[in-house]
Amino acid sequence: MVFAGCSRAACCRCVRAPVLLSRRRHAAYSAWRSCAIICRSRSFFGSQPAVRLMNWQKSLGTGFVFVVLSAASLTRPAQAVDEIQVYNAEIAELGQWTIQQHLNYAIRGRKEPDFPGGLIANHTLNGTPEFAYGLTDWWELGFYAPFAVSDHQFLSNGAKIRTLFVTPNADKRNFFYGVNIEFSYQTSRFAETRHAFEIRPIIGVRNKEWEFIVNPIVDIGLGSLGEADFAPAARLARNLGNDRFVGLEYYSDLGKIGNFLPLAEQSHQLFAVTDFKLGDLDVNLGIGYGLTSGSDRLVTKAIIGYAFPVPGGSKETNGGGLKRLPPARSFAASLAPAVPDGIAAMR
């Protein structure tokens with residue numbers, strides 16, 4: 001995948017309930033406490049000691065069930081963010097390998113995990129190498145090995161594979177589109193569900209000076225704790241020429257589709273980004289600011305990419321790609337003497 005900019009960060013520490021419950025579970029815990037106070041104020045427990053004890057045990061059990069069910073309904077299967085990127089429908093050439101290294105670091109991130117035992121975003125480095133191979137001019141396969149470094153620990157987040165379908169030669173089109181489908185195996189420190197899907201439509205327009213791209217992403221966690229979250233992303237960039245861009249990228253996570261989180265708990269981040277070439281390397285750098293309390297406040301990101309030469313091709317730079325050579329003449333034909341124009345005209 002030839003990137004157009006690179007979405008979410010995370011980290012590590014166990015959490016003890018209920019004091020250190022995640023921010024989404026505090027609401028359920030507070031609601032239970034309020035309910036208990038109201039019940040006591042109405043002499044819910046009766047006048048006899050035995051009756052009071054039985055009613056107290058009953059209310060405690062009911063309250064515990066309420067907390068558990070409410071916490072489950074308020075908690076989404078959050079995931080660590082190993083790539084912060086808006087896909088632009090550009091892919092590897094037919095028969096070409098590409099590699100990208102994604103890195104992002106939360107300078108001022110969230111200090112509570114999204115679920116008990118999950119990673120904490122603050123001061124955590126997330127990243128992944130990404131390998132991709134062009135199968136056709138409209139189809140690319142990719143593989144990731146996500147990781148995080150937190151509290152001086154290296155943590156693996158399993159692996160991801162993806163398949164990307166796009167309009168051919170998207171880098172030359174004024175209007176382009178595609179869809180990326182991703183399947184991931186996740187470890188317990190990064191997500192509550194072991195398996196997940198990502199469906200990422202790609203819609204974009206561009207001219208010689210500007211490009212605007214939207215990725216309305218749907219993340220689907222599989223299993224009893226899984227749900228479908230809506231996490232749209234977008235990019236607006238100015239082309240300065242010579243493979244240089246400056247622009248803004250927007251990333252968000254609104255929560256479960258059909259039951260979005262309150263605005264303050266949603267993630268909304270705005271990144272200032274720049275793209276440029278450094279020799280044969282494609283570089284994307286950005287710094288992002290969180291717009292809500294549910295966002296990491298200050299995050300930096302980087303993507304460094306390299307496109308390996310196409311077998312039998314030459315290096316003609318166009319958006320970081322390597323273009324194919326026209327068919328070569330045979331060796332015998334190259335040794336044949338040139339025919340004078342006059343003789344050729346007599347033939």
Exercise for the section: Considering only segment 181-193, state which residues are within 21 Å of Leu125 (Cα to Cα) and touching a Phe, Trp or Tyr at 6+ places or on another chain (Cβ under 9 Å). Expected result: Ser184, Ala191, Glu192
Problem - Within segment 80-122, considering residues that are closer than 16 Å to Thr163 by Cα and touching a helix residue (DSSP H, G or I) at 6+ places or on another chain (Cβ under 8 Å), the one surrounded by the fewest Cβ atoms within 10 Å (Cβ to Cβ) - result: Glu90
Practice task
Starting from segment 148-173, take each residue that is farther than 17 Å from Pro129 by Cβ and in the same structural domain as Leu119 (by TED's automatic domain parsing) and list its partners that are surrounded by 15 or more Cβ atoms within 10 Å (Cβ to Cβ) and among the basic types (Lys, Arg), counting only C-beta distances under 7 angstrom and pairs at least six apart or across chains.
Solution key: Thr167/Arg173
Exercise for the section: Kindly list, by first and then second residue, each pair from a residue in segment 245-257 that is of a type in the set (Lys, Arg) to a residue that is buried (at least 22 other Cβ atoms within 10 Å of the Cβ), limited to pairs with Cβ atoms under 9 Å and residues at least 6 apart or on different chains. Expected result: Lys256/Arg76; Lys256/Asp229
Practice task
Working only within segment 222-238, note down all residues that are of a type in the set (Gly, Ala, Ser) and at pLDDT 95 or above.
Solution key: Ala228, Ala231, Ala233, Ala234, Ala237
Handout entry: Close pairs from segment 94-111: first closer than 12 Å to Phe131 by Cβ, partner surrounded by fewer than 19 Cβ atoms within 10 Å (Cβ to Cβ), Cβ under 6 Å, at least 6 apart
Key = Trp97/Tyr133; Trp97/Phe308; Ile99/Phe131; Ile99/Tyr306; Gln101/Pro129; Gln101/Ile304
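The rows are residues; the columns are (1) modelled with pLDDT under 95; (2) out of contact with any Phe, Trp or Tyr (no Cβ under 6 Å at 6 or more places or on another chain).
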residue: Glu83; (1), (2): yes, yes
residue: Val86; (1), (2): no, yes
residue: Glu90; (1), (2): no, yes
residue: Gln96; (1), (2): no, yes
residue: Ile99; (1), (2): no, no
residue: Asp114; (1), (2): yes, yes
residue: Thr128; (1), (2): no, no
Practice task
Considering each of Asp275, Asp296, Asp282 in turn, give the residue that is charged (D, E, K, R), surrounded by 21 or more Cβ atoms within 10 Å (Cβ to Cβ), part of a loop (DSSP other than H, G, I, E, B) and at pLDDT 95 or above.
Solution key: Asp296
Fill in the blank from the handout: Filtering strands (runs of 3 or more DSSP E) wholly in segment 96-163 for at least 1 residues that are more than 22 Å from Phe271 (Cβ to Cβ) and among the aromatic types (Phe, Trp, Tyr) gives 97-108, 125-134, 139-144, 153-156
Completion exercise
Those residues of segment 227-261 which are under 17 Å from Asp282 (Cα atoms) and in a strand (DSSP E or B) amount to Ala237, Arg238, Asn239, Leu240, Gly241, Arg244, Phe245, Val246, Gly247
Exercise for the section: Take segment 159-186 and flag every residue that is surrounded by fewer than 17 Cβ atoms within 10 Å (Cβ to Cβ) and more than 23 Å from Thr136 (Cα to Cα). Expected result: Ala159, Tyr185
Problem - Any chance Ala121 is closer than 18 Å to Ser252 by Cα, hydrophobic (A, V, I, L, M, F, W, C) and in the same structural domain as Lys301 (by TED's automatic domain parsing) - result: yes
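The values are calculated or read from the model by the stated rules, or taken from the named source; none is laboratory data. Nothing here was measured: the structure is a model prediction, and the numbers come from that model. A quick note on method: Cβ atoms are made from the backbone with ideal geometry, for glycine too, and the neighbour counts reach across all protein chains shown.
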